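Asker: I'd like to ask you about the structure that follows.
The values are calculated or read from the model by the stated rules, or taken from the named source; none is laboratory data. Please read these numbers as outputs of a predicted model, since none were measured by experiment. No Cβ is skipped: glycine too gets one built from the backbone with ideal geometry, and neighbour counts run over all protein chains shown. Ligands, DNA and RNA are stripped out before the accessible areas are found, and what is left, the full protein with its side chains, is counted by its heavy atoms. Shrake-Rupley method; radii C 1.70, N 1.55, O 1.52, S 1.80 Å.
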Amino acid sequence: MYRALRPGGRFVLTYCDGKAGEEGEELHERIEREFIPLANKMGFESVILKRGPVIRSFHTVALVGYKG
């Protein structure tokens, strides 16, 4: 985590947001409302959610941020 906090660092947080056919809208909303603004305040740029493949019937999502 220390490297992520230094300039030039990055973080990647992966999680499962539900089974195929169901989406964790509540989780997405909370991440967009709380976590992304907090990461921006900590100096991270380009903080985005990237939807990954469906693995074993579960959606995968990655939250990625870079520190300039």
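Asker: Evaluate the stretch 25-46: report whether one residue or more is assigned to a strand (DSSP E or B), open to solvent by 50 Å² or more (accessible area, probe 1.4 Å) and modelled with pLDDT of 85 or more.
Answerer: If we filter the stretch 25-46 for residues that are assigned to a strand (DSSP E or B), which is where we start, we get 44-46.
Restricting the remaining residues to those that are open to solvent by 50 Å² or more (accessible area, probe 1.4 Å) gives 45-46.
Now restrict to residues that are modelled with pLDDT of 85 or more: 45-46.
Scanning the stretch 25-46 turns up at least one residue that is assigned to a strand (DSSP E or B), open to solvent by 50 Å² or more (accessible area, probe 1.4 Å) and modelled with pLDDT of 85 or more.
Asker: Checking R6 against (1) at pLDDT 85 or above; (2) of a type in the set (K, R); (3) over 12 Å from the mean Cα position of the chain (by Cα), which single condition isn't satisfied?
Answerer: (1)
Asker: Every residue in the stretch 39-54 that is without any contact (Cβ under 8 Å) to a residue 12 or more places away in the chain and over 13 Å from V12 (Cα atoms), please.
Answerer: Step one: list which residues in the stretch 39-54 are without any contact (Cβ under 8 Å) to a residue 12 or more places away in the chain, which gives 40-41, 51, 53.
The answer is N40, K41, P53.
Asker: Can you tell me which residue within the stretch 50-68, out of those that are open to solvent by 50 Å² or more (accessible area, probe 1.4 Å) and assigned to a strand (DSSP E or B), is modelled with the highest pLDDT?
Answerer: Y66
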